[in-house]
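Some notes on the structure that comes next.
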Amino acid sequence: MMLMAARYTAALITLSFCSAPAMTSVVNAQSGANLQQAVLTELREDRSLRKLTVSVEGDQVTLTGEVRTFWEKNEALRRTFDVDGVGTVVSEIDVPIADDQNDLAEDVVEAIQKYAHYRMWDHIEGGLENGVVALYGQVTPERNKARELFERIAKIRGVQDIQMNIESLPPNQQDNSLRNTIAQRLFQSEHFERFRSGINTPFHIIVRNSVVTLVGYVQGGIERIEMERIVGQTQGVLRTDNQLQTLR
């Protein structure tokens with residue numbers, strides 16, 4: 001990963017003093033050494049980053065070495081950019097690749113499902129290719145769920161990068177009221193009362209500006225129709241988009 005920043009070239013006026021270029025070299029060398037030490041000091045605050053090698057050329061810093069996870073790699077980059085005087089960071093940091101991509105995919109799914117704040121009102125889909133996790137979907141806005149999910153997934157061994165396209169739904173009191181009402185009516189139904197906890201449901205209900213989208217899976221056609229009926233007859237719902245799929 002290479003993050004490029006603007007680079008500036010200063011025009012030097014040539015004078016008749018032979019010592020001027022040598023003095024400039026000494027100053028630049030001292031400045032580079034100071035920047036290198038500042039970056040090393042910052043990285044050493046995190047024990048997992050202490051084995052990284054730091055080299056400096058101008059305001060460009062190159063990080064080399066191996067870390068255990070993408071989270072540690074991301075932390076190394078973040079800490080380096082936080083150091084005053086750093087303009088560009090070049091990453092030559094390696095993260096070990098997972099032996100089995102299917103196992104890695106299962107680990108990512110488990111991390112999302114076990115996230116305590118991933119509820120029936122959120123919906124996330126994604127993919128995995130060569131260790132790069134792509135996530136997209138919508139979540140409710142009461143906390144920064146995208147950031148928290150990023151951290152959980154970035155700490156999984158074998159993840160190489162994460163592409164996040166998760167939208168936080170706009171805060172809307174009417175939508176919150178609809179969620180509460182829909183939940184009360186839905187869990188009174190014999191078809192859905194077993195999902196009363198609202199955690200790890202196979203279906204998801206996205207409420208946005210009083211429009212409700214149903215996604216995910218239900219057991220059969222009867223449940224699909226029943227959920228659409230319950231939601232559609234909830235006072236305040238403007239429209240229902242039923243995208244539910246059936247398992248049989």
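What follows draws every value from the coordinates through simple rules; no lab data is involved. Quantities reported herein were computed from a predicted structural model and do not represent experimental measurements. Cβ atoms come from the backbone with ideal geometry, glycine included; neighbour counts cover every protein chain shown.
Observations
- Based on Cα contacts under 8 Å between residues 6+ apart, the chain shows a relative contact order of 14 percent.
- Taking other C-beta atoms within 10 angstrom as a stand-in for reagent exposure, M227, M164 fall in the order M164, M227, fewest first.
- In the chain, the DSSP-assigned H stretches of four residues or longer account for a calculated mean residue ellipticity at 222 nm of -11000 deg cm²/dmol, using -39500 (n - 2.57) per stretch and the full residue count as denominator.
- The chain - share of DSSP beta bridges that are antiparallel (%, nearest 5): 50
- Out-of-range pairs (alpha-carbon distance over 22 Å; input K114/K155; K51/K114; K73/K114): K51/K114; K73/K114
- Coarse-grained scattering of segment 101-168 at q = 0.13, 0.20, 0.21, 0.27 Å⁻¹, given as base-10 log I(q)/I(0) from a Debye sum over alpha-carbon atoms: -0.31, -0.74, -0.81, -1.33
- P(r) tail for segment 173-246: Cα pairs beyond 18 Å make up 30% of the total.
- Neighbour counts of C-beta atoms inside 10 Å place S189, S91 in the sequence S189, S91, starting with the fewest.
- Set of aspartates and glutamates near K145 by C-alpha distance (under 15 Å), chain-local residues within fewer than 8 positions excluded: D122, E125, E167
- Cβ-defined net charge surrounding G232, 13 Å radius [Lys, Arg +1; Asp, Glu -1]: +1
- Just so you know, the Rg over Rh for the chain is 1.19, from Cα atoms, with Rh as the Kirkwood radius.
- Charge dipole (the chain, unit charges on Cβ, about Cα centre) - positive-most of S91, Y136, T181: T181
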